[in-house]
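The values are calculated or read from the model by the stated rules, or taken from the named source; none is laboratory data. Computed from a predicted structure; not experimentally measured. Every residue, glycine as well, gets a Cβ built from its backbone with ideal geometry; the counts of neighbours run over all protein chains shown.
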Amino acid sequence: MKVFTTGQVAKICKVAPRTVSKWFDSGRLKGYRIPGSQDRRIPREYLIKFLKEHGMPTGDLEDETLAKVLIVAQDQVLVENVKRELPLEKSFKVNVASSGFDTGIQAESFHPDCIIVDFSIGRSEALQICQNLRKTSDFADVILIALLPDDGSTTSFDRSSINETFRKPFDPALLADRIRSLIGSRKELV
């Protein structure tokens with residue numbers, strides 16, 4: 001759990017440290033005092049809640065606690081089912097791409113923690129997306145999940161660039177749980 005000093009909160013809020021101390025002492029900003037000293041500490045989730053309640057920008061604070069997921073698919077039903085299981089109020093932010101080109105653009109601007117690639121967009125395009133992401137150092141650690149079609153064929157390919165595979169049809173809740181645990185092992189989710 002990340003915690004902030006009153007000085008750090010003051011910089012984030014662009015106010016004087018004394019103002020943060022007043023917010024803390026009045027009970028408006030939750031936190032705790034370090035035993036044996038007057039120093040105050042404010043946990044990140046309390047700071048984010050305070051900023052939202054008072055209409056102040058959260059900046060990068062919220063992004064650090066959000067699990068960002070990029071879904072690469074053309075099947076709108078699939079996208080909606082996965083989005084429903086990864087709601088924003090449960091620390092998820094979801095974007096959608098429909099092609100390899102779109103995936104590259106979205107990955108650069110969105111910086112996802114996890115990318116779900118639906119192989120129904122085309123096996124060769126899906127594999128190319130996964131391989132291209134792994135070649136780029138910025139995305140070498142991104143969690144890649146492949147959604148494989150259940151068309152009766154045995155899909156054989158190099159799975160070294162993919163962290164997990166799910167065969168369709170699958171339970172979106174199970175996929176969401178797996179994403180939550182994979183991302184949760186790398187960063188602290190609220």
Problem set entry | Residues within the range 23-55 that are surrounded by fewer than 14 Cβ atoms within 10 Å (Cβ to Cβ) and free of Cβ contacts under 8 Å to residues at least 24 places away in the same chain, tallied | 15
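Residue check: is residue 61 modelled with pLDDT under 90 and assigned to a helix (DSSP H, G or I)?
yes
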Exercise. Counting just the residues of the range 84-141 that are surrounded by 14 or more Cβ atoms within 10 Å (Cβ to Cβ) and among the charged types (D, E, K, R), which one comes out farthest from the chain's Cα centre (by Cα)?
Worked result: 123
Problem set entry | The listed residue being closer than 16 Å to residue 169 by Cβ and of a type outside the set (D, E, K, R), out of 120, 99 | 120
Exercise. Residue check: is residue 9 assigned to a strand (DSSP E or B) and in contact (Cβ under 8 Å) with a residue 24 or more places away in the chain?
Worked result: no
For this session: Among the numbered conditions (1) modelled with pLDDT under 90; (2) small (Gly, Ala, Ser); (3) part of a helix (DSSP H, G or I), tell me where residue 37 comes up short.
Result: (3)
Exercise. Where in the range 97-190 are the strands (runs of 3 or more DSSP E), entirely inside, with at least 2 residues that are of a type in the set (A, V, I, L, M)?
Worked result: 114-118, 143-148
Exercise. In the range 70-80, which residues are more than 22 Å from residue 161 (Cβ to Cβ) and surrounded by 18 or more Cβ atoms within 10 Å (Cβ to Cβ)?
Worked result: 79
For this session: Could you tell me whether any residue of the range 129-151 is under 30 Å from residue 43 (Cα atoms) and at pLDDT 90 or above?
Result: yes
